[in-house]
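S.K.: I am attaching a structure below and will ask some questions about it afterwards.
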Amino acid sequence: LVSLTAHSLQETWGGQGAVAGSALQLQHLRWASKKQGGSTQNNKGQNPRNLGIKMYGGQRCIPGNIIVRQRGTEFHPGANVGMGKDHTLFALIPGNIKFSFDKQRKRRMVAILPPETGSAGVSATAHTLACTAVLMFATLCNAVALTV
């Protein structure tokens, strides 16, 4: 143990005024055992990005429907699928969605298959319109026959 006296401090540091100043320098400072976490200014949070698959394989879609929202090209556009500037894939025609894997290019692809057609090559919508027209014509003929 080292004992310090006022006399030895005077000899070491010189003069009477040095004793009080040196006594402050010899005190032990205790450091914090845990660093205190400071608050931050920019912690308001950001809006969610809402990424992911929005419509799944086999689902029916119409033009403009968003199929996949993504960052980068995790899925690539196939037939009848468009890609926006933020790599969002969307439908160009009405139909059914099909997800597939291209083995040659090693890419996951999304395509839109057109709606299935009838046996005579007439779409279901055109067939429905034709049936409606025939029924309207038949109703009109019946109304004319009743009035005569």
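S.K.: With an 8 Å cut-off on Cα pairs and a minimum separation of 6 or more residues, tell me the relative contact order of the stretch 52-113 in percent.
M.R.: Averaging sequence separation for qualifying contacts and normalising by length gives 36 percent for the stretch 52-113.
S.K.: Quick check for me: using +1 on Lys/Arg Cβ and -1 on Asp/Glu Cβ, what's the dipole size of the stretch 52-113 about its Cα centre, in debye to the nearest 20?
M.R.: Dipole size: approximately 180 debye.
S.K.: Using the Karplus equation 6.51 cos²θ - 1.76 cosθ + 1.60 (θ = phi - 60°), what ³J(HN,Hα) coupling, rounded to whole Hz, does each residue of the stretch 80-92 give in order, writing x for Gly and Pro?
M.R.: For the stretch 80-92, the Karplus curve yields 6, 10, x, 10, x, 5, 9, 6, 6, 9, 9, 7, 9 Hz.
S.K.: Estimate the FRET efficiency between R49 and C141 by the formula 1/(1 + (r/R0)^6), using the beta-carbon distance for r and 41 Å for R0, to the nearest 0.05. Working shown, then result.
M.R.: On the way: r = 60 Å, r/R0 = 1.46.
Working from the Cβ atoms, E equals 0.10.
S.K.: Let me ask you something else. Name the residues of the stretch 88-115 whose amide N is less than 18 Å from a point 7 angstrom out from the Cα of A130 along the C-beta direction?
M.R.: 115
S.K.: Counting only heavy atoms of protein chains, what accessible area per residue, in Å², does the stretch 52-113 have with a probe of 1.4 Å?
M.R.: Normalised by residue count, the accessible surface of the stretch 52-113 is 61 Å².
S.K.: Here's a follow-up. Could you work out how far apart the two model spin labels at E116 and Y56 are, taking each label as a point 7 Å from the Cα in the direction of the beta carbon, and quote it in nm?
M.R.: 2.0
The values are calculated or read from the model by the stated rules, or taken from the named source; none is laboratory data. Since this is a predicted model, take the numbers as computed values, not measurements. Note that we place each Cβ from the backbone using ideal geometry, even for glycine, and neighbour counts take in every protein chain shown. Ligands, DNA and RNA are excluded from the accessible area calculation, which covers all protein heavy atoms including side chains. Shrake-Rupley method; radii C 1.70, N 1.55, O 1.52, S 1.80 Å.
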